[in-house]
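**Student:** First, the structure itself, so that you have it in front of you.
The values are calculated or read from the model by the stated rules, or taken from the named source; none is laboratory data. This structure is a prediction, so every number in the text was calculated from the model and none was measured. Note: ideal-geometry Cβ built from the backbone for every residue, glycine included; neighbour counts use all protein chains shown.
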Amino acid sequence: MGRHGGLRRRAVALIPVALILAACTQPPATVEADRVQGLYNVFLVAAGGVFAVVAGLIGWNIVRYRARGDDSLPVQTNTNLLLELIWWALPTLLVIGLFVASAVVLNANDARHPGPPLRVKVEGFQWQWRFTYTDSKVQLTGIPGSPPQLVLPIGSTVDFELVSDDVIHAFFIPAFLVKRDAIPGVDNHLELTIDQPGTYAGQCAEFCGLLHDQMIFSIRAVSPSEFAAWLASQRSTP
């Protein structure tokens, strides 16, 4: 019993650590990810407030109405209309507020940006990615074990056209806080504006077959001048 009790205590002690880690995300690297992270923070604060209220009320009831050495029951109350209205209204208002906040962020992120974007066709196939810069016709194709690296400029809107040759794939970049499916026969789009230079890992987040785990890629975000030089070098490469 002692060994099992020690294991239980350690498991309980790890719960707060697991909750903290679950709430952590990578630093956002796009304008859209900034909005999503802000929404995450709103949900985290709301969840923390609900936990504090519920745990506080439970603790207060345990202490206030604990057994006091006799068999007498506390005063029984059949109804309290004001209390019932409060515990109905507060959760309802909270859910409505979170819904509105989510809708605002989703609509802002899905809105098409004005002006001509940099267009990139993202083609998923078993089991890799093909990226085509639509205007310049530069193409990058990966194979299992040799994933492609997509180079993009910071500060410019990028319009990803997502297509699939075979089964459903999912275009996922954790640092961008976004995942969107590439579905056979469906013309799907995703617009992003990267605002932080760096190299970001991406992967297929939809199980798509035997070598799904090797369906990875990376995105290298550079300054507009570096991107122009890189694109020119790719045009000159057979």
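**Student:** Go through segment 189-205 and report how many residues are over 20 Å from residue 224 (Cα atoms) and in contact with a Ser or Thr (Cβ under 9 Å, 6 or more places away or on another chain). I'd like the intermediate steps shown before the answer.
**Tutor:** So the first thing to find is which residues in segment 189-205 are over 20 Å from residue 224 (Cα atoms), and the list is 189-190, 201-205.
With in contact with a Ser or Thr (Cβ under 9 Å, 6 or more places away or on another chain) added as a condition, the list becomes 201-202.
Matching residues across segment 189-205 total 2.
**Student:** Another question about this same structure. In segment 100-213, which strands (runs of 3 or more DSSP E) lie fully inside it and hold 2 or more residues that are under 29 Å from residue 46 (Cα atoms) and touching a residue at least 24 places away in the same chain (Cβ under 8 Å)?
**Tutor:** Numbers: elements: 118-125, 128-133, 138-141, 149-153, 157-164, 169-173, 178-182, 188-193, 198-204.
Passing ranges, in order: 169-173, 178-182, 188-193.
**Student:** I would also like to ask the following. Would you pick out the residues in segment 168-183 that are in contact with a His (Cβ under 8 Å, 6 or more places away or on another chain) and buried (at least 21 other Cβ atoms within 10 Å of the Cβ)?
**Tutor:** 182 - this is the single residue of segment 168-183 that is in contact with a His (Cβ under 8 Å, 6 or more places away or on another chain) and buried (at least 21 other Cβ atoms within 10 Å of the Cβ).
**Student:** Give me the residue from segment 62-99 that is over 21 Å from residue 47 (Cα atoms) and among the polar types (S, T, N, Q) and, out of that set, modelled with the lowest pLDDT.
**Tutor:** The qualifying residue modelled with the lowest pLDDT is 72.
**Student:** Within segment 178-217, how many residues are among the acidic types (Asp, Glu), out of contact with any helix residue (DSSP H, G or I) (no Cβ under 6 Å at 6 or more places or on another chain) and either within 19 Å of residue 32 (Cβ to Cβ) or not assigned by TED's automatic domain parsing to the domain that holds residue 165 (or both)?
**Tutor:** 2
**Student:** What's the total number of residues in segment 161-185 that are modelled with pLDDT of 90 or more, β-branched (Val, Ile, Thr) and more than 12 Å from residue 125 (Cα to Cα)?
**Tutor:** Matching residues across segment 161-185 total 1.
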